[in-house]
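To start, the structure under review is shown below, and the notes come after it.
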Amino acid sequence: MLANLSEILPLLLINLPLIAIGVAIGVVAGALPGFGASNTLIILFPLTLHMDVNAALILMTALFVGVRFGGAMPAILINVPGTASGAVTALEGFPMSKLGLGGMALGVALAASAIGSFASGLIAITAAPAIARAALEFGAPEIFALALFSIVMVGQIAGEDRIKGWFAGAAGLLIGSVGVDPMWGTERGTFGFIELFDGIPVIPALVGLYAVAEVMEIAQRQRGDIGHVVAITKLAISERARGILEGARFALKRPADLLRSTAIGSLIGALPGAGANIASFLSYQQAVTFSPDAEDQAKFGKGNPRGIVASESADNACASGALVPMMSLGIPGSSSTAVLLLVMTAHGLNVGPRLFAEHTVTAYAMLGAIPIAAILLLFLGFAASFVASSLTQIPQPIIAAVIAVFALAGAYAARYLMFDVYLAVAFGCLGYIMRREGYPPQAMLIGIILAPVVEANFFIGLRQGFGSPAIFFTRPVAIAIWVVMLASIVYIARKKKVAQLRDTEAR
Amino acid sequence: MQPVKETKPTRFGITPILVLGYCLYYLSDVLGSRFETQGYGALCATILGVLAAALAFRALRKGNAGVDLRTWFRTRSTVLWSHSSAIIFAGALVFYIWGQSQIGFLWATAVVFPAILIFLRAGTPPRIILLSLLLTALAWLFLLELLNVPLPRSPWER
């Protein structure tokens, strides 16, 4: 790479405006439910065919970086995650918004996203071959264990009651497997709806469990029935800007959280089929585990900015990490990298082990665009956060009306099916009931998202072990994951107990 | 409508009943199919059953927050009534979606915005009219013009 540095650096400098455009488009696209990275890449794909190959790929990579932060904005401000991994950010970001700290939450997300992307970009440039080799150590039993680890941990920490959390996670695992069985093509639990044969679509589930349930809550509050109507504090422009900067400072003062989450994101991103959802949930769980004290741990779920630092930096790091196996092995780790693989192939690149040897400049220019996009994200993201933070000043009825119409349009836009919109309302009702009864919808959502990963890797693992489930408990990496999972369960439970004891004593 | 007192959260609730009901339907759907198909459903059902049993056992042991089973059934209508605002809102959303397929996205949205704003007591009539016009224009500009989402159109536009 060093030999080609004289070519790569000028190439990146010339394409600086394109990187800025890519980041800006990404931020906007990420903020819209249903318009994730894959959709936007597909929409832009025909335009890039007329561009120079390096410029096109640099633009697409910058868009990748912007999308991640964009997904955090609606998650924080109106509890409608733009992407599935934004659901973790909503866990802490939305409670902060309710407390009038939406600007600060956006600032935390912005700094964490930029640092996560910057650091993981550098990691990808320097350690691409090594990461790709390490990722190959993860077979089906390890990915199965890792996915279960995520679900169990989210179940434990998302709500007040871990058994209810695990129940919601298990329900998600069942609902996520609805559709045609991947092994034998048998139809399962679809009520005969042909629209469900492909499985439960994630976007309507996400829109329902978060957005529709939220507007139902708002309706219940606004009619003066239960709870308290959220008071809106009018903030001056300078105060909003100060809030964002304060949030960015908060994130910068948490280097341990940032580094840990970036490392988790980079590694998980490199695992084919694992994806940003696992990375976000896992690093969020690690942030809970590594709480400095019981008081900090008790704040999780109620608006702890450390949760946003963890989820956002891991989510962004995951994006860069996912590029590594795609570029060096030709294995896309997510649907958006699969689209990127398609774009690269359409531009005549031979993606796979020989990419870095045959197209050194293009490959490293793509990875080099990540840290530059991260720096630009700081400025463009600040402007976007500043505009978006004014959303917190809008009264609740207007917010509810806007969420209802736009979120349902988002549910429709994923597959252009009205069925999905009805499905979103059904999930909304379920989410509303679950919230009322203390079952965390986040645990169900992660179950739905990871069910295909769990199911596929469970049966691949069983086949690898000639029908014996022992394979899940005998391979060293799998054993390490189970041990860490058990230790985390015990550790978090103990910490919660200590916090409860202290609370009782204080009373 | 009666003002509602927030009761203690139900320890068991209706969520496990809904989930287990669906689980039974799912299992009946895969009954008699190959091992892998049945196996995954059975695995999920076992986990759900064990966790539901744990929740039920705990609910019974702790007296389900002071509510016995008979009282629980008897109070369901009151609980449903107490959540009527949310239920009406969900019903309105279903009606909105159905309305889209009848008169198109834009017209249905033009109706649903004032309806939501009135229902949620968003302000005086002129304010509601102004807000509805503004939000409908925003939805048209953003979803139909800029993003070009192929949302349902009214019969006279097709």
_Test result for A:T61, modelled with pLDDT of 80 or more, buried (at least 24 other Cβ atoms within 10 Å of the Cβ) and hydroxyl-bearing (S, T, Y)_ = yes
_Single condition B:S101 does not satisfy, out of (1) more than 9 Å from chain A (Cβ to nearest Cβ); (2) surrounded by fewer than 17 Cβ atoms within 10 Å (Cβ to Cβ); (3) not aliphatic (A, V, I, L, M)_ = (1)
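Which residues, counting only those in the range A:372-389, are within 25 Å of A:G93 (Cα to Cα) and touching a Leu at 6+ places or on another chain (Cβ under 9 Å)? Give the derivation first.
Within the range A:372-389, the subset within 25 Å of A:G93 (Cα to Cα) is A:373-389.
Those that are within 25 Å of A:G93 (Cα to Cα) and touching a Leu at 6+ places or on another chain (Cβ under 9 Å): A:A373, A:L376, A:L377, A:L378, A:G381, A:F382, A:A384, A:S385, A:F386, A:A388, A:S389.
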_Selection count where residues are facing chain B (nearest Cβ under 9 Å) and either under 22 Å from B:A52 (Cα atoms) or surrounded by 22 or more Cβ atoms within 10 Å (Cβ to Cβ) (or both), scope the range A:170-205_ = 9
*Residues of the range A:341-383 that turn out to be of a type in the set (A, V, I, L, M, F, W, C) and over 30 Å from A:R240 (Cβ atoms), as a count*: 16
_Members of the range A:215-254 that are among the charged types (D, E, K, R), modelled with pLDDT under 85 and buried (at least 19 other Cβ atoms within 10 Å of the Cβ)_ = A:R221, A:R223, A:D225, A:R240
*Subset tally (residues that are free of Cβ contacts under 8 Å to residues at least 12 places away in the same chain, more than 7 Å from every other protein chain (Cβ to nearest Cβ) and within 18 Å of A:A170 (Cβ to Cβ)) for the range B:25-55*: 6
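Is there a residue being touching a residue at least 24 places away in the same chain (Cβ under 8 Å) and surrounded by fewer than 20 Cβ atoms within 10 Å (Cβ to Cβ) anywhere in the range A:449-457?
In the first step, residues of the range A:449-457 are kept if they are touching a residue at least 24 places away in the same chain (Cβ under 8 Å); the result is A:449-457.
So of that shortlist, the ones also surrounded by fewer than 20 Cβ atoms within 10 Å (Cβ to Cβ) come out as A:452, A:456.
Yes, there is a match, as at least one residue in the range A:449-457 is touching a residue at least 24 places away in the same chain (Cβ under 8 Å) and surrounded by fewer than 20 Cβ atoms within 10 Å (Cβ to Cβ).
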*When the residues of the range A:33-55 are filtered to those that are aliphatic (A, V, I, L, M) and surrounded by fewer than 23 Cβ atoms within 10 Å (Cβ to Cβ), which remaining residue is modelled with the highest pLDDT?*
A:A55
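Can B:R58 be described as touching a residue at least 40 places away in the same chain (Cβ under 8 Å), out of contact with any Cys (no Cβ under 9 Å at 6 or more places or on another chain) and of a type in the set (K, R)?
Working: touching a residue at least 40 places away in the same chain (Cβ under 8 Å): yes; out of contact with any Cys (no Cβ under 9 Å at 6 or more places or on another chain): yes; of a type in the set (K, R): yes.
For B:R58, the condition - touching a residue at least 40 places away in the same chain (Cβ under 8 Å), out of contact with any Cys (no Cβ under 9 Å at 6 or more places or on another chain) and of a type in the set (K, R) - is met.
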_Conditions first: (1) loosely packed, with under 14 Cβ neighbours inside 10 Å; (2) out of contact with any helix residue (DSSP H, G or I) (no Cβ under 8 Å at 6 or more places or on another chain). B:S82 passes all but one, so which condition is the exception?_
(1)
*In the range B:21-41, the residues that are in a helix (DSSP H, G or I) and buried (at least 16 other Cβ atoms within 10 Å of the Cβ)*: B:Y22, B:C23, B:Y26, B:L27, B:D29, B:V30, B:E36, B:T37, B:Q38, B:G39, B:Y40, B:G41
*Within the range A:152-165, can you find the residues that are crowded, with 23+ Cβ neighbours inside 10 Å and either of a type in the set (F, W, Y) or at pLDDT 85 or above (or both)?*
A:K164, A:G165
*Can you find a residue in the range B:151-158 that is more than 25 Å from A:E160 (Cβ to Cβ) and at the interface with chain A (Cβ under 10 Å from one of its Cβ atoms)?*
yes
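The values are calculated or read from the model by the stated rules, or taken from the named source; none is laboratory data. Computed from a predicted structure; not experimentally measured. In this analysis, Cβ positions are derived from the backbone assuming ideal geometry, glycine residues included, and neighbour counts consider all displayed protein chains.
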